[in-house]
Amino acid sequence: MAVLFITHKFPPATGGMEKFSYELYRSMQQNMPVHIIAYEGKSSRILWFLQLKKNIRTMLDLHPEINIIHLNDGLMVSFGLWIKKFTGRKVVATLHGLDIVFPLPYFQRKILPKFNRLDGIACVSKAGREAAIQRGIDPDKIVVINNGVDHELTRSAKSMALDEKLYSRLNIPRDAFVITAMGRAVKRKGFSWFVANVLPHMPSHVVFVLIGPVTSYGKKWWHPMIPSGWVEKMALMMGSATDEEALKEYANQYPGRFIRTGYLPFTDIEKLLQSSGVFVMPNVSVQGDMEGFGLVALEAVLCGCFVFAANQEGITDAIYDNKNGYLLPAENANVWIETLTAFIQNPPNDGLLQRYQEFTLNQFSWDKMAKEYHQWFNSILVT
């Protein structure tokens, strides 16, 4: 067996899907011959798609032993439904969340049902599988394979040391109890909901630090050129910072209590997580969007944070209540306030954190994910 990975999400760009594509490609190399056609940002993305057919033909001419092709997400499938007929190979794909529930009627009615032409589909969570089945994807074609996590992130509670220079640069008080979150400023992440409904009721020494880029979101030059109902849908598809304006207002409203870091190198992110008491994923429901998995929560656990996350969508495949974190009802401010306040006033001992880390290490790894993909690919080839 030899596999060709085709992905438009790959380093040096950063993000969860880029991480997934890189780790799947890297880990699979331990099990079989693998080849890749990846968009790496060296030309326009449109040009990359236009040249895809030629590049696939070249790759298959060079490596005729390739007998299975993997597409990295639903967008790749949407633009590549021709690949199976063109190549005569088995074609499979991984779906992550938004690429299942994207609320464009044409996509839902005309494109998504054609995903049944694929030889197999992997979803990164049970919630993703259920969403796909609800939209007409054959359940017999779908497997669930969770993402992995970097084991080298593991830190014991005793090794965590506050980086005073980093705190000073970010204007975080040295004696603050730090609650962190991380991600793009999109509405489903629930960051503005948390600041508006939970943070004001936290003890006065609590500081909420949001790790991630500060971008702009507002009226674009092209907005008048498309139907008004499409603007929000395009923002979803492009991952635009739909929560940005609200977060900027709250940063002004709660100076010193709500801090945004902007871009940080990963070494600083690790240091900040290692010295934080709590990490939150306060996701909210957004029609036409969903959290496919909770990779960032797993990374936070291994860096030494106690994780509190909304009990919804793909997050529940990553965080197991009272096993490697805590699941709280989404958008229930009273429960979030009471639970976090109790935790802050009476934090657990280091042994509990170590048990949560051990559970995460046993449950998730990139190598484990790669082995499951290897088994799945084998099953596809024998059917």
Search result, residues across the stretch 1-16 that are at pLDDT below 95 and in contact with a strand residue (DSSP E or B) (Cβ under 8 Å, 6 or more places away or on another chain): MET1, HIS8, PHE10
Residue within the stretch 118-127 that is at pLDDT 95 or above, assigned to a helix (DSSP H, G or I) and under 25 Å from the mean Cα position of the chain (by Cα) present: yes
Segments classed as strands (runs of 3 or more DSSP E), wholly inside the stretch 1-92, with at least 3 members that are closer than 19 Å to ILE145 by Cα: 3-7, 68-71
Residues that are among the acidic types (Asp, Glu) and either touching a Cys at 6+ places or on another chain (Cβ under 6 Å) or in a helix (DSSP H, G or I) (or both), drawn from the stretch 290-307: GLU299
Residue selected from the stretch 161-195 under the condition surrounded by fewer than 19 Cβ atoms within 10 Å (Cβ to Cβ) and more than 16 Å from ILE259 (Cβ to Cβ), by the criterion modelled with the highest pLDDT: ARG184
Exclusive hit being touching a Pro at 6+ places or on another chain (Cβ under 9 Å), under 20 Å from VAL143 (Cα atoms) and buried (at least 17 other Cβ atoms within 10 Å of the Cβ), set ALA93, ALA132: ALA132
Any chance ILE37 is under 26 Å from PHE293 (Cβ atoms) and surrounded by 13 or more Cβ atoms within 10 Å (Cβ to Cβ): yes
Helices (runs of 4 or more DSSP H) fully within the stretch 308-383 counting 2 or more residues that are under 20 Å from PHE293 (Cβ atoms): 315-318, 350-363, 366-381
Residues located in the stretch 324-350, provided they are among the acidic types (Asp, Glu) and at pLDDT 95 or above: GLU331, GLU338
Check on PHE115, modelled with pLDDT under 95, in the same structural domain as PHE377 (by TED's automatic domain parsing) and aromatic (Phe, Trp, Tyr): no
Qualifying residue in the stretch 347-368 (condition: under 18 Å from PHE208 (Cβ atoms), not assigned by TED's automatic domain parsing to the domain that holds GLU130 and not acidic (Asp, Glu)): yes
Count of the stretch 27-44 residues which are out of contact with any strand residue (DSSP E or B) (no Cβ under 9 Å at 6 or more places or on another chain) and touching a residue at least 40 places away in the same chain (Cβ under 8 Å): 3
Residue in the stretch 249-259 that is part of a loop (DSSP other than H, G, I, E, B) and under 19 Å from VAL149 (Cα atoms) present: no
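Going by the structure shown, is ILE69 in contact with a Ser or Thr (Cβ under 9 Å, 6 or more places away or on another chain), of a type in the set (A, V, I, L, M) and over 20 Å from ILE133 (Cβ atoms)?
Spelling it out, ILE69 is indeed in contact with a Ser or Thr (Cβ under 9 Å, 6 or more places away or on another chain), of a type in the set (A, V, I, L, M) and over 20 Å from ILE133 (Cβ atoms).
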LEU112 surrounded by 23 or more Cβ atoms within 10 Å (Cβ to Cβ) and farther than 26 Å from GLY148 by Cα: yes
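The values are calculated or read from the model by the stated rules, or taken from the named source; none is laboratory data. Predicted model, so just to flag it, every value in this text is computed and none were measured. We place every Cβ from the backbone using ideal geometry, glycine too, and count neighbours over all the protein chains shown.
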